[in-house]
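The values are calculated or read from the model by the stated rules, or taken from the named source; none is laboratory data. The structure displayed is predicted, hence computed values, not measured ones. Here the Cβ is made from the backbone with ideal geometry for all residues, glycine too, and neighbour counts use every protein chain on show. Accessible surface is based on the protein model in full, side chains and every heavy atom, while ligands, DNA and RNA are left aside. Shrake-Rupley method; radii C 1.70, N 1.55, O 1.52, S 1.80 Å.
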Amino acid sequence: MNLFGNSITTLELFESNYEPYRNVMGGIERGEEIKEDLISKAFYTYEIKDYTTAAILFEQLYETDQQSMYLFYHANAQLGKGNTQKAISLYKQHQNVQDDFYARSRWYLALAYLKNDQIQESIAVLEGISKVKSYNYVKARELLLSLEGL
């Protein structure tokens, strides 16, 4: 229930739990030159929340260098710019890879399902997260409690 006695919506739950995943390539300091290489540009545009450009750049990176990290960040950029269905598709593709971002990808997949009002799919992923004590498993358990009755 929210302040007005209404049930909380899946979008409100998404917004209260969503936080863009950090830039693992390190932040850009004020006054620092941005390198011209594609990787630097992709992470810089992601960090400044230019998700449209970041999505394009991460897609290009993944096409030329099949590093799963680029797929994960491409999905995050799609989610950040509101292209939820594309993000879900990319997260599901990423789930086929057991890399360092696997658990994080599951968390964001659950959130993307939530934003897309796919409650049962979100619950299934959140239950998996909470059972293995992976990335954000405590938040996953809290979110599952919030989803009861929706």
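The phi-based Karplus calculation (6.51 cos²θ - 1.76 cosθ + 1.60; θ = phi - 60°) puts the 3J(HN,Hα) values of the stretch 73-82 at 5, 4, 4, 4, 5, 4, 5, x, 8, x Hz, whole numbers, x for Gly and Pro.
From the Cα gyration tensor of the stretch 59-147, with a ≥ b ≥ c the square roots of its eigenvalues, which class applies: rounded if a/c is under 1.5, or else prolate if a/b is larger than b/c, or else oblate?
Values: a/c = 2.60, a/b = 1.53, b/c = 1.70.
Because a/c hits 1.5 or more and a/b fails to exceed b/c, the stretch 59-147 counts as oblate.
State which entries of Lys115/Lys139; Lys86/Lys133; Lys86/Lys131; Lys49/Lys81 exceed 19 angstrom in Cα-Cα distance in the structure shown. Check vs 19 Å cut-off fails for Lys86/Lys133; Lys86/Lys131.
Shown are Val132, Val97, whose ranking by accessible area with a 1.4 Å probe and every protein chain present, most to least, is Val132, Val97. For the chain, the solvent-accessible area of protein heavy atoms averages 56 Å² per residue (probe radius 1.4 Å; ligands and nucleic acids excluded). For the chain, the normalised intensity computed at q = 0.11, 0.15, 0.17 Å⁻¹ comes to -0.44, -0.77, -0.94 (log10 of I(q)/I(0), Debye sum over alpha carbons, equal scatterers, no solvent). Out of the total accessible area of the chain (probe 1.4 Å, heavy atoms of protein only), what percent is carbon and sulfur? Answer for the chain is 48 percent, counting heavy atoms of protein chains only. Remark: the Ile39-Ser16 segment gains 5.3 nm on full extension, using 0.36 nm per residue and subtracting the alpha carbon distance.
Take peptides 38-46, 107-115, 133-141, 56-64 and line them up by average Cβ neighbours within 10 Å, highest first, as a rough protection proxy. All intermediate terms of the calculation are to be shown ahead of the outcome.
Details: 38-46: 19.6, 107-115: 25.7, 133-141: 16.3, 56-64: 17.9.
The densest-packed peptide leads the list: 107-115, 38-46, 56-64, 133-141.
As a test of reading the structure, rank Ile129, Ile8 by solvent-accessible area (1.4 Å probe, protein chains only), most first.
Largest accessible area first, the residues go Ile8, Ile129.
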